[in-house]
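The values are calculated or read from the model by the stated rules, or taken from the named source; none is laboratory data. This is a predicted model, so every value here is computed, not measured. With ideal geometry, Cβ positions are generated from the backbone for all residues, glycine too; neighbour counts draw on all protein chains shown.
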Amino acid sequence: MENNTPADKKKEMAEEIVEPAQETKTKEETTAEEITEKEITEKEEVSETLNIEELKQQYAEQTKRSDEYYQRLIRMQADFENYRRRVGKEKEELLKFAAEDLIVKLLPVLDNFERALAAPKEDNQNTSKFKEGIEMIYRQFIDILIKEGLSIIPAIGQQFDPVNHEVILQEETKEQPDNTIIEELRRGYCFKGKVIRPAWVKVARSGTS
């Protein structure tokens, strides 16, 4: 049996006190490390959450911007299509009525032909041949104009139409209904369905107020 001196007992007691202190220190360090790791993990999770939210926001912004660009493109395509149609229609109208000015300028010539043909007949062989020649030229001339799109506006016996006719004279009569055209003073013409010169006409009036 060993005999412990007072010094040995004090040493043993000191060792016993140191060991629990070391254990306590080790536990505190472990707890601190665990807390630090937890905080880091939480921070990482928060950071990841923030990154996801930022990505969602950026995606939403990009989607909105893409939709705006798409809508703008659709409007631009629609505007271009309308412009193309308008230009095509204007070009078609230009080609369709390109000869209108020429036709209008030739109408007085046509009038003179008609006046010459309406002149009183004379019993003269040369005059008769001249008249036949004029008639042939007139037919050729009017045929060319008709092929180009000219058409004569009907007048005598028709009801007055302000679009196609222009009243120059009125005559009281009971033989014709009111506003019936009884005489054509100057022929009217349409060019491809468009009135380029209304007919000058005399219309009937009933004479009753």
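Observations
- If you go through the range 152-178 and pick out every residue that is closer than 21 Å to Lys96 by Cα and touching a residue at least 40 places away in the same chain (Cβ under 8 Å), you end up with 1.
- Yes/no for Gly157 being assigned by TED's automatic domain parsing to the domain that holds Glu114 and at positive phi: yes
Listed here are the residues, each with its yes/no results for (1) assigned by TED's automatic domain parsing to the domain that holds Gly188; (2) under 30 Å from Lys147 (Cβ atoms); (3) modelled with pLDDT under 75; (4) touching a strand residue (DSSP E or B) at 6+ places or on another chain (Cβ under 9 Å).
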residue: Glu34; (1), (2), (3), (4): no, no, yes, no
residue: Glu44; (1), (2), (3), (4): no, no, yes, no
residue: Lys56; (1), (2), (3), (4): no, no, no, no
residue: Asn82; (1), (2), (3), (4): no, no, no, no
residue: Lys91; (1), (2), (3), (4): no, yes, no, no
residue: Val104; (1), (2), (3), (4): yes, yes, no, yes
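- Residue in the range 155-163 that is within 17 Å of Glu114 (Cβ to Cβ) and either crowded, with 17+ Cβ neighbours inside 10 Å or of a type in the set (Val, Ile, Thr) (or both) present: yes
- Complete set of residues in the range 150-180 that are in a loop (DSSP other than H, G, I, E, B) and within 10 Å of Ser206 (Cβ to Cβ): Thr173, Lys174, Gln176, Pro177, Asp178, Asn179
- Test: residue in the range 116-129 that is within 20 Å of Lys192 (Cβ to Cβ), at pLDDT below 85, touching a helix residue (DSSP H, G or I) at 6+ places or on another chain (Cβ under 8 Å) and surrounded by 10 or more Cβ atoms within 10 Å (Cβ to Cβ): no
- Against the numbered list (1) at pLDDT 85 or above; (2) within 30 Å of Ser206 (Cβ to Cβ), Ile146 comes up short only at (2).
- Total residues in the range 130-154, condition surrounded by 15 or more Cβ atoms within 10 Å (Cβ to Cβ) and of a type in the set (Asp, Glu): 0
- Scan the range 87-121 for residues that are within 30 Å of the chain's Cα centre (by Cα) and assigned to a helix (DSSP H, G or I) and the total you get is 11.
- For the range 190-207, the count of residues that are among the polar types (S, T, N, Q) and within 47 Å of the chain's Cα centre (by Cα) is zero.
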